[in-house]
Amino acid sequence: MKKALTLALALMGSGAFAAPFVLPAAWMAQNPSEAKTGGEFRQSSISDFKTFNPFTTAEAGNIPDLISGLVGLYTQDPTNDKFIPQMADAMPTISNNGKRFVVKIRQGMKFSDGQAITADDWVTTFKLHTDDKIGSNSYDNFFLNDKPITVKKLDTYTLQFDFPQVSASALNRMSYTPWPDHIFGPVYKSKGADGIKAMWGLSTAPSTVVSPGPWTISSYSAGQRTVLKKNPAFGEWFKDGAGKPLPYLDTESFTIVKDLNADLAAYLAGQIDVFGASKADDLAQIKKAIDGGNLKATLVPNVGPNSTSQWIVFNWNKAGDATKQKLFRDVRFRQAMSHIANRQAMIQLALGGLGSEVYSGVYPVFKNYQYASTPTYKYDLAAATKLLNQMGYTKKNSDGYLVDKAGKVLEFTLTTNSGNNVREQLGQIFRDEAKKVGVKVNFTPVDFNTLVGQLLAKGADRPFDAILLGLSGGDNIWPYGSNVVPCGGNLHAYNVPSDGKCLNAQENLMTKLYYQGDQTLDDDARRKIGEQLSKVEGQNLGFIYLVATNYHVTYNNRLGGEYKRDLWDSYYGSRPGTGLTTFIK
């Protein structure tokens with residue numbers, strides 16, 4: 001009852017003082033007056049969605065991210081990387097030696113069901129992300145050196161964040177998307193973490209999923225198509241430079257396709273509006289279609305380095321197979337696997353020459369955090385053989401595979417997500433090179449959601465040998481993942497025991513350096529810590545980084561609403577995310 005009264009008062013107040021967020025016209029290629037309303041932005045995916053639940057998803061491009069637009073208190077200005085208020089009404093008031101932030105929330109914002117967005121929504125969202133029984137992928141974002149950030153409501157439209165230490169990423173950490181307290185709060189109180197995990201599965205009626213962002217779910221058909229529709233409540237506070245509500249579009253659709261080849265075919269046929277080209281052959285086919293007049297599209301190849309990378313991770317938690325556990329935990333083995341990875345062949349054969357070798361968890365687009373001192377274990381089969389010999393693998397069987405003293409073949413299973421033809425080719429190249437030195441790699445692509453489930457498993461005996469996958473996300477302030485680098489992180493994927501403890505000294509040092517860098521506000525000093533961290537990361541080889549694609553942009557010319565060309569890069573993209581400013585010409 002008290003909350004209902006508070007919301008009612010809030011709604012009355014917001015009507016009088018609402019001040020919308022206005023997306024700067026200076027960011028955009030077209031004048032807002034050119035933008036038309038209505039229409040559908042047609043996209044695709046090679047994997048079905050996993051859930052509607054924002055607290056149980058870890059995949060990029062998931063439905064909660066799509067419908068929310070990842071709105072938060074602050075957002076970065078692509079012209080200068082500075083943070084500006086988005087759902088906040090102003091920049092925070094900072095005190096307590098840079099550890100306390102008081103934030104006024106922009107009034108007049110509503111969820112898609114018409115309920116006001118207030119401080120309660122941030123507080124409840126924080127509680128759910130930080131309940132380890134729920135298992136949110138954002139959990140690690142709210143802890144520094146195992147000490148929690150705290151969030152409390154000062155009044156209906158005022159939040160107070162207290163950090164256990166100063167943090168260069170403070171504004172980023174505070175800028176999480178709020179989900180409705182009036183939906184999740186009662187369930188959490190009555191049923192706890194299990195109740196939250198059971199909410200908003202794919203069988204949930206789309207009309208009951210409440211969104212704080214530009215979209216709601218119109219329809220979901222498993223394995224076929226998902227359609228999002230405009231959330232009118234969002235446009236009441238989020239405007240373009242001319243004061244028109246965003247998004248312009250009526251709907252945004254995602255069609256499930258078999259693989260990247262089918263994805264490209266759909267783009268060439270004009271059935272979808274954008275395509276994530278990653279290799280030279282993709283670009284050649286698109287250019288040929290454009291030049292031949294069969295596709296009216298824009299193609300800008302090699303915009304710059306990408307903000308993703310591909311890697312192989314070995315599972316250190318295999319209590320059920322002591323031989324493999326010992327093998328995967330031996331750094332000499334991981335060095336040998338890095339030497340086996342023929343990155344130039346991967347670039348030439350899988351990417352058509354358009355990519356770069358990667359030896360660090362920092363994406364190539366973050367040039368300030370690339371260091372010559374980062375260790376590289378480059379393609380060298382002789383070096384790999386020498387390391388494996390040191391480990392006792394000196395003999396081969398009649399099939400040419402290395403065996404131990406008991407005659408057991410040196411082999412493991414490597415998986416990746418099926419349908420990603422590029423990753424499948426990377427895995428095949430790795431498998432073929434491994435065979436040259438006598439390592440048997442059983443390469444088996446599997447469904448993406450199955451793969452993610454294996455990777456996120458915790459405990460002493462996790463259900464995989466090795467996985468080839470990639471990461472995206474992160475930021476350009478301190479570009480080492482809070483859930484990847486420190487021990488206990490949700491995506492510290494090589495070692496995820498139930499207690500989250502490190503296994504070796506390098507993991508401990510990486511964890512220490514991560515938090516040391518995060519609390520260093522001086523950019524130059526932070527980059528020096530980053531150099532140490534990248535060096536230890538390269539020595540530990542928890543992830544064996546392979547290659548990164550270049551960032552290419554292509555879209556059907558029926559679309560407008562992209563950033564000015566000089567703002568394009570893989571970090572910000574070529575247009576504001578989730579179709580926010582996209583319009584049909």
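The values are calculated or read from the model by the stated rules, or taken from the named source; none is laboratory data. Just so you know, these numbers come straight off a predicted model, no measurement behind them. A quick note on method: Cβ atoms are made from the backbone with ideal geometry, for glycine too, and the neighbour counts reach across all protein chains shown. For the accessible areas, the whole protein counts, side chains as well, though only heavy atoms, and no ligand, DNA or RNA atoms are used. Shrake-Rupley method; radii C 1.70, N 1.55, O 1.52, S 1.80 Å.
Odds and ends about this structure:
- Just one residue in the set L546, L567 is crowded, with 21+ Cβ neighbours inside 10 Å, more than 14 Å from A35 (Cα to Cα) and either modelled with pLDDT under 95 or aliphatic (A, V, I, L, M) (or both); that residue is L546.
- Filtered residues of segment 126-140 (kept if surrounded by fewer than 20 Cβ atoms within 10 Å (Cβ to Cβ) and more than 14 Å from W179 (Cβ to Cβ)): D132, K133, G135
- Residues that are farther than 16 Å from V331 by Cα and surrounded by 15 or more Cβ atoms within 10 Å (Cβ to Cβ) within segment 494-508 comprise V496, P497, G500, listed in sequence order.
- Test set (1) open to solvent by 40 Å² or more (accessible area, probe 1.4 Å); (2) under 23 Å from N137 (Cβ atoms) - T511 fails condition number: (1)
- The residue that is nearest to the chain's Cα centre (by Cα), among those in segment 414-441 that are open to solvent by 50 Å² or more (accessible area, probe 1.4 Å) and within 21 Å of D321 (Cβ to Cβ), is R431.
- Listed here are the strands (runs of 3 or more DSSP E) enclosed by segment 285-382 that have at least 1 residues being crowded, with 16+ Cβ neighbours inside 10 Å and of a type in the set (D, E): 355-357.
- Number of the exception - L154 against (1) within 19 Å of the chain's Cα centre (by Cα); (2) in a strand (DSSP E or B): (1)
- Among residues of segment 65-100, those that are farther than 17 Å from G573 by Cβ and in contact (Cβ under 8 Å) with a residue 40 or more places away in the chain, counted: 13
- For E531, the conditions (1) modelled with pLDDT of 95 or more; (2) among the acidic types (D, E); (3) assigned to a loop (DSSP other than H, G, I, E, B) are fulfilled apart from (3).
- From the list V123, V102, the lone residue that is surrounded by fewer than 20 Cβ atoms within 10 Å (Cβ to Cβ), aliphatic (A, V, I, L, M) and over 25 Å from F234 (Cβ atoms) is V102.
- Residue in segment 255-267 that is in contact with a Leu (Cβ under 7 Å, 6 or more places away or on another chain), without any contact (Cβ under 8 Å) to a residue 40 or more places away in the chain, open to solvent by less than 30 Å² (accessible area, probe 1.4 Å) and not aromatic (F, W, Y) present: no
A quick yes/no check of all residues on (1) at pLDDT 95 or above; (2) within 30 Å of F412 (Cβ to Cβ); (3) within 23 Å of the chain's Cα centre (by Cα):
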site	(1), (2), (3)
A280	no, no, no
K287	yes, no, no
T298	yes, no, no
P305	no, no, yes
R329	yes, yes, no
M337	yes, yes, no
Q344	yes, yes, no
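- Any hit, segment 409-426, residues being of a type outside the set (K, R), touching a Ser or Thr at 6+ places or on another chain (Cβ under 9 Å) and over 30 Å from D259 (Cα atoms): no
- Which listed residue, of T226, T150, T208, is within 20 Å of L70 (Cα to Cα), of a type in the set (S, T, N, Q) and open to solvent by 40 Å² or more (accessible area, probe 1.4 Å): T208
- Contact map, segment 531-554: residues that are under 25 Å from D465 (Cα atoms) paired with residues that are among the acidic types (D, E), Cβ distance under 7 Å, separation 6+ or inter-chain. Pairs shown: N540/E507; V547/E357.
- Within segment 383-413, the set of residues being outside any loop (DSSP other than H, G, I, E, B), touching a Gly at 6+ places or on another chain (Cβ under 7 Å) and either open to solvent by 30 Å² or more (accessible area, probe 1.4 Å) or among the β-branched types (V, I, T) (or both) comprises K396 only.
- Pair list, Cβ < 6 Å and 6+ apart or interchain, from segment 399-417 residues that are of a type in the set (A, V, I, L, M) and at pLDDT 95 or above to residues that are surrounded by fewer than 15 Cβ atoms within 10 Å (Cβ to Cβ) and assigned to a loop (DSSP other than H, G, I, E, B): V403/N397
- Matching residues in segment 248-283 - criterion: being assigned to a loop (DSSP other than H, G, I, E, B) and among the acidic types (D, E): D250, D259, D273
- The set of residues in segment 457-486 being in a loop (DSSP other than H, G, I, E, B) and open to solvent by 40 Å² or more (accessible area, probe 1.4 Å) consists of K458, A460, P463, S472, G473, G474.
- Exactly one residue among D131, D146 is within 17 Å of H492 (Cβ to Cβ), out of contact with any strand residue (DSSP E or B) (no Cβ under 8 Å at 6 or more places or on another chain) and among the acidic types (D, E), and that residue is D146.
- Lone unmet requirement of (1) out of contact with any His (no Cβ under 8 Å at 6 or more places or on another chain); (2) open to solvent by less than 30 Å² (accessible area, probe 1.4 Å); (3) assigned to a loop (DSSP other than H, G, I, E, B) for Y176: (1)
- None of T251, T216 is modelled with pLDDT of 95 or more, touching a strand residue (DSSP E or B) at 6+ places or on another chain (Cβ under 7 Å) and within 16 Å of G61 (Cα to Cα) except T216.
- Every residue from segment 516-536 that is crowded, with 23+ Cβ neighbours inside 10 Å and in contact with a strand residue (DSSP E or B) (Cβ under 8 Å, 6 or more places away or on another chain): D518
- Counted residues, segment 268-278 - those being at pLDDT below 95 and open to solvent by 40 Å² or more (accessible area, probe 1.4 Å): 1
- Considering each residue of segment 504-518 in turn, none proves to be in contact (Cβ under 8 Å) with a residue 12 or more places away in the chain, more than 23 Å from D461 (Cβ to Cβ) and in a loop (DSSP other than H, G, I, E, B).
- In this entry, N80 is excluded by the filter for residues that are under 25 Å from D131 (Cβ atoms), assigned to a loop (DSSP other than H, G, I, E, B) and polar (S, T, N, Q).
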